[in-house]
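Chemist: Below is a structure I'd like to ask you about.
The values are calculated or read from the model by the stated rules, or taken from the named source; none is laboratory data. All values reported here derive from a predicted model rather than from experimental measurement. Note: ideal-geometry Cβ built from the backbone for every residue, glycine included; neighbour counts use all protein chains shown.
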Amino acid sequence: MSTVDHWRLPDGVEEILPAQADAVESLRRDLLDLYRSWGYRLVIPPLMEFTESLLVGLGEDLDLLTFKLTDQLSGRTLGIRADITPQVARIDAHSLAEEGVTRLCYAGSTLHTRPKSLLSSRSPIQVGAELYGDDSPGADVEIVRLMLATLDAAGLTGVTLDLGHVGIYEAVLAKASLGGDKEKTVFDALQRKSVPDLHLALADVEPLMASLIVALVDMHGDESVLDEARALFVDVVPDALAGIDALQEVAGAVRRQSPELDIYFDLAELRGYHYHTGLVFAAYVAGCGQALANGGRYNDVGAVYGRARPATGFATDLKALVNLLPALNVSGGAICMPDLDDPALEHQVSKLRAAGEVVINCLSGTPDPRCDRQIVAQGEQWLVQPLNSNDRV
């Protein structure tokens, strides 16, 4: 094995060096403070759990993303979390088991067996918020607004909000009586927006219903898409209208607070379809081809933990957000102290550090490159003065 293999990391797994780590940690604190100001309480789920509690009821996609290993204490299979959302749902349903509305937030590392997209990390730092116990459009609006506030707190502009609703797709497929392998084939083709594959998969489906499913591919754009969908489904699939109305209500409420926001509708967007039950949404910014944050409604996931609850939430990757921010200037901003055993000096240093200053011991007489000031003795006092170039070794 060559020496280069000793420092090589797996594909899609990154280390975070000091400058970026400072930015990640600063943003993490800002976002958790933001969520706290909205009434969301912090929880810290474990990095791994038994797979039967980590993955139950959440579909094949999350199962495939999860690293699994054997617990040497119990012999049972453990999973390293690929998504914190299910863990928070378990906390709401089982560990807290509160009545009424519960608001929870979190931030922590996750691990994926493979990247979700070409540009994605396999070790994202997931941060997000979840709202339980309220099935109203107001809860969805609150979560969407908090997601937008997250991107604003990160300093990102030019955001596009993408909205969809899995209830529309479910109503159309129920009317067409699709199920099993055919439904899976249609879902895959619809996600790829492949009309030829859809025609092939729907060859033996009643022509009117097949045409409605294919029509979903082109139902994306501004709010006129909702009028088009309503006119198309009103007589044949009236159950789809509830999803269309929900999209219009949420978009209207969000736009009233953010009138300049670009809102895009996509009725074939089914992120997390296998456990989402209503509104789905994502946020994009210009120049970035993947969603920076996404979420949706996932009612009754807590049923597998013994307590079904309405639920909606969103998540983002701190590393992805920080990668879009300008590079930080990390020069300067610290104070150099002499390497002396002096109680008065230590007292002054303690005061400076308590006030938020960075004070670095000048070992071997060499100031740290970050230092732009120094502590010097003047009589019986220790004072902070600029660090001149002549003072550097």
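Chemist: What are the residues in the stretch 193-209 that are at pLDDT below 90 and within 22 Å of ILE244 (Cα to Cα), if any?
Modeler: Within the stretch 193-209, LYS193 is the sole residue that qualifies.
Chemist: Something else now. What's the number of the condition LEU27 fails, among (1) assigned by TED's automatic domain parsing to the domain that holds SER121; (2) among the aliphatic types (A, V, I, L, M); (3) more than 27 Å from SER117 (Cα to Cα)?
Modeler: LEU27 satisfies every listed condition except (3).
Chemist: Could you list all residues from the stretch 21-57 that are at pLDDT below 90 and in a helix (DSSP H, G or I)? Explain how you work it out, then say what you get.
Modeler: As a first pass, look at the stretch 21-57 and keep what is at pLDDT below 90: 52-57.
Passing the criteria: GLU52, SER53, LEU54.
Chemist: Right, another one. Taking GLU260 and the conditions (1) part of a loop (DSSP other than H, G, I, E, B); (2) among the acidic types (Asp, Glu); (3) over 22 Å from GLY158 (Cα atoms), which numbered condition does it fall short on, given that it satisfies the others?
Modeler: All conditions are met except number (3).
Chemist: Step by step: first the residues of the stretch 307-327, then only those that are at pLDDT 80 or above and assigned to a loop (DSSP other than H, G, I, E, B), then the one that is surrounded by the most Cβ atoms within 10 Å (Cβ to Cβ). Which residue is that?
Modeler: ARG309
Chemist: Just to verify a result, which residue in the stretch 105-130, among those that are among the aliphatic types (A, V, I, L, M) and farther than 12 Å from ALA315 by Cα, is modelled with the highest pLDDT?
Modeler: Ranking the candidates gives LEU111 first.
Chemist: So, one more: Going by what's in this entry, would VAL254 be described as in a strand (DSSP E or B), touching a residue at least 60 places away in the same chain (Cβ under 8 Å) and closer than 30 Å to GLY100 by Cα?
Modeler: Details: in a strand (DSSP E or B): no; touching a residue at least 60 places away in the same chain (Cβ under 8 Å): yes; closer than 30 Å to GLY100 by Cα: yes.
Considered against the rule, which asks whether it is in a strand (DSSP E or B), touching a residue at least 60 places away in the same chain (Cβ under 8 Å) and closer than 30 Å to GLY100 by Cα, VAL254 comes out as no.
Chemist: Assess whether ALA97 counts as being touching a helix residue (DSSP H, G or I) at 6+ places or on another chain (Cβ under 7 Å), surrounded by 13 or more Cβ atoms within 10 Å (Cβ to Cβ) and closer than 18 Å to GLU130 by Cβ.
Modeler: no
Chemist: If you don't mind, there's one more thing I want to ask. Would you mind finding the one in GLY108, GLY164, GLY138, GLY155 that is closer than 28 Å to GLY306 by Cβ and assigned by TED's automatic domain parsing to the domain that holds LEU261?
Modeler: The conditions single out GLY138.
Chemist: Specify the residue that is farthest from the chain's Cα centre (by Cα); the eligible residues are those in the stretch 58-74 that are in a loop (DSSP other than H, G, I, E, B) and hydroxyl-bearing (Ser, Thr, Tyr).
Modeler: Result: SER74.
Chemist: Which of the helices (runs of 4 or more DSSP H) contained wholly in the stretch 108-201 include at least 1 residues that are under 20 Å from GLN257 (Cα atoms) and of a type in the set (Gly, Ala, Ser)?
Modeler: 137-153
Chemist: For GLY365, only one of the following conditions fails: (1) farther than 21 Å from PRO18 by Cβ; (2) surrounded by fewer than 15 Cβ atoms within 10 Å (Cβ to Cβ); (3) within 43 Å of the chain's Cα centre (by Cα). What is its number?
Modeler: (3)
Chemist: Another one. Just to be sure I understand, how many residues within the stretch 212-235 are under 14 Å from LEU173 (Cα atoms) and either among the charged types (D, E, K, R) or surrounded by fewer than 13 Cβ atoms within 10 Å (Cβ to Cβ) (or both)?
Modeler: So the answer is 0.
Chemist: Out of all the residues in the stretch 275-287, which are of a type outside the set (S, T, N, Q) and at pLDDT 85 or above?
Modeler: The answer is GLY278, LEU279, VAL280, PHE281, ALA282, ALA283, TYR284, VAL285, ALA286.
Chemist: Consider the stretch 17-66. How many of its residues are touching a Lys or Arg at 6+ places or on another chain (Cβ under 7 Å), β-branched (Val, Ile, Thr) and under 30 Å from THR77 (Cα atoms)?
Modeler: Residues in the stretch 17-66 being touching a Lys or Arg at 6+ places or on another chain (Cβ under 7 Å), β-branched (Val, Ile, Thr) and under 30 Å from THR77 (Cα atoms): 1 in total.
Chemist: So, one more: Being among the charged types (D, E, K, R), surrounded by 14 or more Cβ atoms within 10 Å (Cβ to Cβ) and under 30 Å from LEU31 (Cα atoms) is the filter here, so list the residues in the stretch 147-186 that pass it.
Modeler: Once the filter is applied, which keeps residues that are among the charged types (D, E, K, R), surrounded by 14 or more Cβ atoms within 10 Å (Cβ to Cβ) and under 30 Å from LEU31 (Cα atoms), the stretch 147-186 yields only ASP162.
Chemist: Select, from VAL349, VAL384, the only residue that is outside any helix (DSSP H, G or I) and at pLDDT 90 or above. Working first, answer last.
Modeler: Numbers: VAL349 fails: outside any helix (DSSP H, G or I).
Answer to the selection: VAL384.
Chemist: In the stretch 64-80, how many are at positive phi and surrounded by 11 or more Cβ atoms within 10 Å (Cβ to Cβ)?
Modeler: Of the residues in that region, 0 qualify.
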